[in-house]
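Beneath this line is the structure, given in structure tokens, with notes to follow.
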Amino acid sequence: MPGEAAKGAKPNGTRPREEGARTIALMGPYMSGKTSLLESLAAATGAVPRKGSVTQGHSLGDAAPEARAHRMSVELNAATLSNNGEKLTILDCPGSIEFLQESLSVLGGVDAAVLVAEPEPAKVLQLTPYLKRLTDLKIPTLIFVNKIELAQGSLSALLEALQGVSARPLILRQMPIFEKDTVTGFVDLALERAFAYREHAPSEMIALKGPLADQEKTARFHMMEQLADYDDHLMEELVADIDPPRDEIFADLARELADGLIVPVLLGSAERDHGIRRLLKALRHDVPGPHATAARLGLASAKDEAILRVVKTLHTAHGGKLSLARIVSGRVKDGATVTASGGRSGRVGGLFQLLGPAQIKIVDAGPGETVALGRLEPIFTGDVLTTDKAAPPALARPETLRPVYGLAISVGDAREDVKLTAGLAKLAEEDLSIRYEQNADTHELVLWGQGEIHLRIAAEKLANRYGLHIATRTPKVPYKEAIRKAVTQRGRYKRQTGGHGQFGDVVLEIEPLPRGAGFMFEERISGGVVPRQYFTAVEAGVRDYLSSGPLGFPVVDLKVALIDGSYHTVDSSEMAFRTAGRIGMSEAMPHCGPVLLEPVMTVTIDVPNEATARVNAIVSGRRGQILGFDACDGWLGWDTVRAELPQAELQGLIVELRSASQGVARLSFDFDHLAELTGKLADEAMARTKAA
């Protein structure tokens, strides 16, 4: 059972509630209602005078033009609220799996995560990528079942499905009250009180009696049995039929949540403001504070200097670079000098509290607060900072997702290339899962990310922020070509233009090498028919030709030997012999049996085992060869499929895999080898390349 080592902890040893600011990550799948929940929390705490609407485009979060245009979160939203006198920063993470990196980057600086779920058992698989990371990092986690008004019948099927994707036991914190198959309220199982929902208003306490009281006793006892798995004292009370005091139950819930042993489940509706204030109470009373988080991260310090963790980098139109950082301990003032690992340092050029798009300037901030630090150019996401002059302790960087989807990009005006590179660098600094490269084989600038929407949003940001309108296309496949036959060929270059002429004469022996051997050049000249000073020039001429063989692609896996030739004492030169080497290759290669080679990748796919058969079919349908599959290490109920797949078949593969797995399949690939491509497929590949 998870957390078995903690069994036997006594409630009287529970840590006292820590005062101070909290930082919470709102996480969950696309369309689960996270941004609407942020809006409800902001309205309930008075942070905004009026609740906004996500669908109408005037919510606190999703203020970026790209988010408004697509009606979806495309980057982190941060809002600092006042929760009963204590600061509470909500980090609302995008739900689309293509923007998962935003969630992963903030996990190193939060006290807890609220995982937002819909009340549909068929959709719980979408929670797996979040639950796995939160469990591995031992981050206290609560599940908020949103849209509870849409729940059908009993929640037992939903809880069973949720438990099937969670390694930690789920504790139902509230029991729903049904009237005619509609949830109209809840019973707080720890408080032993019933409440009726009121539209856009606090819930109203109602009498707990009759059949509802009997159901509450059964549900409460089950909750206490689960808590007793980690508390021998509570177990003894239950065995002795002693009703534990409420304070003991509350203390156990808070301690076991803080220790990462359980996942409490709360109910509500962000759209109707149901359960919002109960959630705020849980965040204030049950979630551990910054001191406990510092200990969990290994950042506890006895010094007076502040310690911070950067969870997000932003580039704003007018304020320049902002580093969103969680203050784990100590206080930070505007103008303070902070130091990161490796001795990198900078002076804080502005201190801000964020409320959605609004930046509220402040003078200083204390433990637990999440603030934006201005103009720290040498500081990056994941950095640990300190106001001490000594470098802070090093922590593991945030998990960075490997790219799975690429597009070749270009701007219409070559004069904007420098501006494009600068814009891409800023995007990659904001989003660790974006990468770009100048492909040496295809001479294309390729932008890499997590999917089609991810890169489309990146292109829109380049246009909206930097006025760069880029063209995108499918990247070229870096085909190569090789030879099957050996050929001996003379290459002769003679030119007379008056005065000194040009003369070079070589005999080349060309033969294939095993696949993957590359290129070799040697000289086997006897009698000085070609002077030694021209050997390098001949090799250079041969290499000049290899960049584009008879099929139009770079030539690999062959050996060229200089075996004979002649020279002129006056007219021979390095340029002449370089040209002769190139001519010899161009005349010989069409007779060497040229063959097209395509790159083949090793592909690893992690997928829920219910989708493994569909994934195998997708891979096979793309000319892939299945090498086998095993249980996915550390992922309960998942398989890892290994295959070899031509690179030409990779484009869009991740889209198909996600479609077959409720969006949760993971993909990685690496180059393995070059394989011959013949027949119609080779003709089509050459035609595409020629057209491009």
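The values are calculated or read from the model by the stated rules, or taken from the named source; none is laboratory data. Because the structure is a prediction, the values reported are computed rather than measured. Virtual Cβ from ideal backbone geometry, glycine too; neighbours counted across all protein chains shown.
Show me the strands (runs of 3 or more DSSP E) found entirely inside segment 155-245 where at least 2 residues are farther than 30 Å from residue 52 by Cβ.
So the answer is 170-172, 174-179, 193-198.
Could you go through segment 301-321 and let me know if any residue there is part of a strand (DSSP E or B), modelled with pLDDT under 95, farther than 22 Å from residue 134 by Cβ and of a type in the set (Ser, Thr, Tyr).
Checked against the condition, which is being part of a strand (DSSP E or B), modelled with pLDDT under 95, farther than 22 Å from residue 134 by Cβ and of a type in the set (Ser, Thr, Tyr), segment 301-321 yields at least one hit.
Consider segment 80-112. How many of its residues are outside any loop (DSSP other than H, G, I, E, B) and within 21 Å of residue 134 (Cβ to Cβ)?
Summing the residues that are outside any loop (DSSP other than H, G, I, E, B) and within 21 Å of residue 134 (Cβ to Cβ) in segment 80-112 gives 19.
In segment 644-663, which residues are within 27 Å of residue 29 (Cβ to Cβ), among the small types (Gly, Ala, Ser) and buried (at least 17 other Cβ atoms within 10 Å of the Cβ)?
Of everything in segment 644-663, those that are within 27 Å of residue 29 (Cβ to Cβ), among the small types (Gly, Ala, Ser) and buried (at least 17 other Cβ atoms within 10 Å of the Cβ) turn out to be 660, 661, 663.
Being within 25 Å of residue 157 (Cβ to Cβ) and outside any strand (DSSP E or B) is the filter here; which residues of segment 257-275 pass it?
Those that are within 25 Å of residue 157 (Cβ to Cβ) and outside any strand (DSSP E or B): 257, 261, 262, 268, 270, 271, 272, 275.
Considering only segment 572-624, state which residues are closer than 30 Å to residue 503 by Cβ and assigned to a strand (DSSP E or B).
572
Only residues in segment 390-415 that are closer than 16 Å to residue 670 by Cα count as the first member; pair them with residues that are charged (D, E, K, R), Cβ under 6 angstrom, at least 6 apart or cross-chain, and list the lot.
These pairs meet every condition: 403/435.
For the list (1) assigned to a helix (DSSP H, G or I); (2) over 24 Å from the mean Cα position of the chain (by Cα); (3) not small (Gly, Ala, Ser), I need the number of the one condition that residue 455 fails.
Every listed condition holds for residue 455 apart from (2).
For residue 617, indicate whether it is buried (at least 20 other Cβ atoms within 10 Å of the Cβ) and more than 19 Å from the chain's Cα centre (by Cα).
No; evaluated as a whole, the condition is false for this residue.
Suppose the filter is free of Cβ contacts under 8 Å to residues at least 60 places away in the same chain, out of contact with any Ser or Thr (no Cβ under 7 Å at 6 or more places or on another chain) and either closer than 29 Å to residue 442 by Cα or in a strand (DSSP E or B) (or both); does residue 569 pass it?
no
Matching residues to (1) within 34 Å of the chain's Cα centre (by Cα); (2) at negative phi; (3) crowded, with 22+ Cβ neighbours inside 10 Å:
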position	(1), (2), (3)
242	no, yes, no
247	no, yes, no
255	yes, yes, yes
259	yes, yes, no
264	yes, yes, yes
267	yes, yes, yes
275	yes, no, yes
278	yes, yes, no
281	yes, yes, no
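Could you count how many residues in segment 133-154 are buried (at least 19 other Cβ atoms within 10 Å of the Cβ) and assigned to a helix (DSSP H, G or I)?
Result for segment 133-154: 2.
Restricting attention to segment 134-161, which residues are within 21 Å of the chain's Cα centre (by Cα) and aliphatic (A, V, I, L, M)?
Result: 134, 137, 139.
Which number in (1) in contact (Cβ under 8 Å) with a residue 60 or more places away in the chain; (2) out of contact with any Gly (no Cβ under 8 Å at 6 or more places or on another chain); (3) within 30 Å of residue 684 (Cβ to Cβ) marks the one condition that residue 484 misses?
The number of the failed condition is (2).
Among the residues of segment 484-503, count how many are within 19 Å of residue 585 (Cβ to Cβ) and not aromatic (Phe, Trp, Tyr).
Counting residues in segment 484-503 that are within 19 Å of residue 585 (Cβ to Cβ) and not aromatic (Phe, Trp, Tyr) gives 12.
List every residue pair whose Cβ atoms sit under 7 Å apart, with the two residues 6 or more apart in sequence or on different chains, where the first one lies in segment 527-541 and is under 12 Å from residue 568 (Cα atoms) and the second, anywhere, is modelled with pLDDT of 95 or more and of a type in the set (A, V, I, L, M).
The qualifying pairs are 530/506; 530/562.
Could you run through segment 397-436 and say how many residues are over 21 Å from residue 313 (Cβ atoms), of a type in the set (Gly, Ala, Ser) and either touching a helix residue (DSSP H, G or I) at 6+ places or on another chain (Cβ under 6 Å) or part of a loop (DSSP other than H, G, I, E, B) (or both)?
Within segment 397-436, residues that are over 21 Å from residue 313 (Cβ atoms), of a type in the set (Gly, Ala, Ser) and either touching a helix residue (DSSP H, G or I) at 6+ places or on another chain (Cβ under 6 Å) or part of a loop (DSSP other than H, G, I, E, B) (or both) number 1.
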